[in-house]
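The values are calculated or read from the model by the stated rules, or taken from the named source; none is laboratory data. Just so we're clear, the structure is a prediction, and the values are computed from it rather than from any experiment. Counting neighbours? That spans all protein chains shown, and the Cβs are built from the backbone with ideal geometry, glycine included.
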Amino acid sequence: MNWVGRRLPRSEDPPLLRGEGRYVPDIAIGARAVRFLRSPVAAGRILALRPPAEMPPGCLFVTGADMAGVQPIKPGLRRFNYRAVEQPVLPTERVHFVGQAIAAMVAPSAALAEDLLETCELDIAAEDPVVGFDAALTPGAPLVHPIAPGNVAVEGELRPEGFAETLAAAAHVVEFAFRSGRQSAMPLEGRGGVAEYDRATGRIRLSASAQMPHQLRTGIAQLLGMPEADLQVIAPDVGGGFGQKIALLPEYPVLVWLARKHRGRFAWVEDRNENLIASAHSRDQRHALRAGFDAEGRLLALEADILADVGAFSVFPTTCAVEPLMALAEYPGPYKVPAYAVRARGVLTHTCPMAPYRGVSRPVITFGIERLMDRAAAVLGLAPDEIRRRNLHDAFPARSATGMVLDEASYIEALDEAMRILDVPAFRARQEAARAEGRYLGLGLSVFNERTGYGTPAFAARSMDVVPGYEVVDIAMLPSGEVEARIGSSPHGQGLRTTLSQIIADRLGLDPGAIRIIHGDTDRTPYGWGSFASRSLVIGGGACQVAADRLADKLRRGAARLLQCEPSEVALRDGQAVAGAASMPIAELARLAHQRSELLSDAIGFNLAETGQYDPGGTFSNACHAAIVEVEAETGHVRVERYLVVEDAGRIINPMIADGQVQGGVAQGIANALFEEVIYAPDGTPLTGTLADYTPPTCAEIPEIEIHHLETISEATITGAKGLGEGGSIGAPAAIVNAISDALSPFGVDVAEFPATPPRIRALIRGRAPRA
Amino acid sequence: MKPARFAHHAPRTLEEALALLATHGEEARVLAGGQSLVPTMAFRMARPAVLVDINRIAPLDHVTVAGGSLRIGALARHARFETQVVEGALGTLLARIAHHIAHPPLRLRGTFCGSLAHADPASEWCAAALALEARMVLARADGLREVAAEDWFQGVFSTALAPGEMLREVVLPLPAPSWRGGFAEFARRAGDFALAMAVVGLRLEGGLVGGARIALGGIGGQPVLAREAMALLEGQAPSSALLDEAAATAARHCDPQEDMHAPAEYRRELVAVMVKRALRQAVSA
């Protein structure tokens, strides 16, 4: 019985659907409530900060001055002119963005804490804020941090010799400059934590809605100068993270500090307004591209100038370089780019800091290069699919312009499959007929690859002080025959308990119901990197496979002893250890291994425990997305009529879960393309602090998403699986906006900004008559 | 996002409610469905010291036809209008509008009268009240008064309601059999506050338009009548060209606000499109 490849229902779901999940706010019940005083101005000097004259019993007011000795948050990066910006946990001198936490108020209830915050004395001498690229990069602009001249926090540049000549010699040079709007990852559950002092042990237990519990533990212990062993971090049920919950933001060290100092239990549950203005943002970028093509439409040279607004600080552990440098490294994507020149800068502004968000710059660079392909196709008179076909990598392994190894994939096959499913000639006929009625339909493509499951070697190349990558899994069979696998990954909605149990079940010949995956608790799991970067199924899953194979070897050795055969003759299947006609239940073997060890110990020792480690170099999944949209010319409204994904993520462990990942990603990508934008006033005030103003789409705006899988099994991973957590959001903005541009082609306009909102679309076509 | 402190009273009779409103005056707000009031309290944008919760006063939960009018009580929820509350074009129009108000869970709690009392500039019922010549019946401890819709709205979230008063009922005159209604709005997402909307009512008698009313919502501080466009239609045959001209006229004469969701120029374009659609719907009904 093979479990891998089956649409096994998620074992995670029943309690969640019954409302029996256990999230931070469930754990917070009964704790003292913490609310934060947040800066009302984008930049300024703190002149006075005092609690209300009368503090009721049980209330505390904590400022940065109280927390003297706590280290500032200061992630490091050793290359690219990185300026090591420091963020005080609570500032005592200056504020740097609206929403920055300045002080904590503790009260028996959140409502009382908010009452008290209203009567705190906060006097800030406001200064001119730096908001937006133009303000930040103007010579002589105020500096967000003196350590970063010109407000550039990080700058990377690659320019191969002879690049200018190569570009100049191209038959066609196509340019495209565009901007992507700032976004919030908008997890359904915001951040939050409960820190509790244990009087018996003196330890602190922090339950936090986090993606990287071990890193949170290490990072907080370092900031507070406390023994790491005195801190336990638990990630309970986590209602989505999408990257936002990687970051060690100031609220968590404040909670741990409070619990240690005041020996109590303190809870902060972020509200939506805080999440939208003071949790991390992303994607605020401006790119200018120039590409040289030969007469047949083959790309000869690509030049990219990338600006990424990184906000006011650099988040731990990924640093503020994560977005600009991801764009720098991966712009060529699935295309053969013989000459690539790039400059990428991370620009500091007085706005909320940036963190990884599902896709990390790749939605933006995919938008850039896919819009560029469509523009070039128009210049060269080629069909959009044809120009892509001429430029996609078709021999593997290939090496990208920045030296990455592209493993076996199906770039052209995925495109061909999408074109076949779409029936493009039929669409073009429909498009033409609709135009005659004043209706504007468009078809957009987006072809991309997605680097996933990359381990230490890939991260080490980034030169961050904290290098993620490997995963370790401790697996043990209990005397009952059930298996516990303790993982360093930290799933928060990905269904990893189900998929990992499928992988382990196959290796041990057990039912997935006999496998328990233990995660999200630093006391009970090996050190690991949590879940992000489409890595956990590949790396955590690979480590599970290694660990399970070792355990299987041990079981075979033990069974061979009892069945009086060679270990190689023993097969584990359907809960039995089988050797020819002889067999025994694996559970019985487990019982004997523990309780009658005298029978087995010389073959297997005294336990049924093994450790697996895995640290792959990385693998690229790939996809072709296609969108059909209708643009209503008189209002600028865009309706997504059809959305197609042809995805290749190697071996699919659980197709239902894979499809769910793709659907959710595409929904966020459509949100990115059409709906969501964090907007700041020129004075640095965020204007999108509620869900009436920051507008994620609802199910009414998201079409059914049609998913087809290809399965290219590359050697890059031991399970054959590639990651696919981010692809949906990477591909969608380009597909949607290419479709809009195709729809509006009779108007002779071109969309160079997303989200492509109705007012923006109207502004493009206002006063223009469609060509007949 | 926790509200400031407030006292909660839940009287069982209208008289008790009015007595509480008389006692607490400006400090008090009526709580019906709470779908607008409670979020604004959570943001501390509204800070009533006293909430007079009318949900236990059963007689306020009515939608009745009496004396040539549709009378809508203070507890009539939006969802009630999703099915035809009165026969004919008026019930059809109200049902069409009701489906555009927020989302089903909100429609089960939020009330028609609550929308009018809250007076959100983008409220569908507010624009409808103006188009349908609604009269507001205001009760206070010592009496009653009526205010016409045109005098009711006094800016953003601001009405003619005086301290101590409660909007007990909204009265919509039942239109003539020749009357038709139309509604169109543009919102980014299903259930969102509209960036622009038009509610239209007119009579079609002998092929000519009479008594046309066009209310615009979502474009400024309060719903407004497109009087120039209404005048243009009067006594005319509703040709496609005339409707387009009326729509353009409404757009030209309105004064749309600019915000981060829509520049004024864009809202003006939407007004033209929404008026055109609402008028076409009305004349083709």
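Here are a few things to note about the model shown:
- Some residue of the stretch A:657-671 being in contact (Cβ under 8 Å) with a residue 60 or more places away in the chain, within 14 Å of chain B (Cβ to nearest Cβ) and not in a helix (DSSP H, G or I): no
- Listed by first and then second residue, the pairs with beta-carbon distance under 8 Å, at least 6 apart or on different chains, first residue in the stretch A:134-145 and at positive phi, second in a loop (DSSP other than H, G, I, E, B) and buried (at least 16 other Cβ atoms within 10 Å of the Cβ), form an empty list.
- B:Thr23 vs. criteria within 14 Å of chain A (Cβ to nearest Cβ), over 30 Å from B:Trp179 (Cα atoms) and polar (S, T, N, Q): no
- When B:Ala282 is tested against (1) more than 14 Å from chain A (Cβ to nearest Cβ); (2) surrounded by fewer than 24 Cβ atoms within 10 Å (Cβ to Cβ), just one condition goes unmet, and that condition is (2).
- Selection of the stretch A:742-759 for residues being among the aliphatic types (A, V, I, L, M) and within 14 Å of another protein chain (Cβ to nearest Cβ) yields only A:Ala756.
- Of the residues making up the stretch A:684-702, those that are among the hydroxyl-bearing types (Ser, Thr, Tyr), farther than 17 Å from B:Ala42 by Cα and more than 7 Å from every other protein chain (Cβ to nearest Cβ) number 2.
- Every listed requirement among (1) modelled with pLDDT under 95; (2) outside any loop (DSSP other than H, G, I, E, B) is met by A:Gly728 save one, (1).
- Close contacts from the stretch B:259-271, counting a first residue that is in contact (Cβ under 8 Å) with a residue 24 or more places away in the chain and a second that is charged (D, E, K, R), with Cβ to Cβ under 7 Å and a gap of 6+ residues or different chains, come to B:Tyr266/A:Arg762.
- Residue tally, condition of a type in the set (Ser, Thr, Tyr), modelled with pLDDT of 95 or more and touching a Leu at 6+ places or on another chain (Cβ under 8 Å), over the stretch A:455-491: 0
- The listed residues are A:Ala153, A:Ala164, A:Ala185, and the only one of them that is more than 25 Å from the chain's Cα centre (by Cα) and either under 30 Å from A:Gly493 (Cα atoms) or of a type in the set (A, V, I, L, M, F, W, C) (or both) turns out to be A:Ala164.
- Scan the stretch B:181-208 for residues that are away from chain A (no Cβ under 14 Å) and touching a residue at least 60 places away in the same chain (Cβ under 8 Å) and the total you get is 8.
- Residue in the stretch A:536-570 that is surrounded by the most Cβ atoms within 10 Å (Cβ to Cβ), counting only those that are among the small types (Gly, Ala, Ser) and without any contact (Cβ under 8 Å) to a residue 40 or more places away in the chain: A:Ala559
- Residue that is nearest to A:Arg762 (Cα to Cα), among those in the stretch B:230-250 that are away from chain A (no Cβ under 14 Å) and among the acidic types (Asp, Glu): B:Glu245
- Residues in the stretch B:3-42 that are in a loop (DSSP other than H, G, I, E, B) and on the phi < 0 side of the Ramachandran plot: B:Pro3, B:Ala4, B:Arg5, B:Phe6, B:Ala10, B:Pro11, B:Arg12, B:Thr13, B:Ala32, B:Gly33, B:Gln35, B:Ser36.
- Hey, A:Glu12 in contact (Cβ under 8 Å) with a residue 60 or more places away in the chain, at negative phi and not small (Gly, Ala, Ser) or not: yes
- B:Ala237 being assigned to a loop (DSSP other than H, G, I, E, B) and more than 30 Å from B:Pro104 (Cβ to Cβ): yes
- Residue in the stretch A:112-132 that is surrounded by the fewest Cβ atoms within 10 Å (Cβ to Cβ), counting only those that are within 12 Å of another protein chain (Cβ to nearest Cβ) and either within 22 Å of A:Ala42 (Cβ to Cβ) or without any contact (Cβ under 8 Å) to a residue 24 or more places away in the chain (or both): A:Glu118
- Every residue from the stretch B:251-271 that is within 8 Å of chain A (Cβ to nearest Cβ), assigned to a helix (DSSP H, G or I) and in contact with a helix residue (DSSP H, G or I) (Cβ under 7 Å, 6 or more places away or on another chain): B:Tyr266, B:Glu269
- Any hit, the stretch B:48-69, residues being assigned to a loop (DSSP other than H, G, I, E, B), within 14 Å of chain A (Cβ to nearest Cβ) and surrounded by fewer than 16 Cβ atoms within 10 Å (Cβ to Cβ): yes
- Filter result for A:Val144 (closer than 28 Å to A:Pro40 by Cβ, part of a loop (DSSP other than H, G, I, E, B) and touching a Pro at 6+ places or on another chain (Cβ under 7 Å)): no
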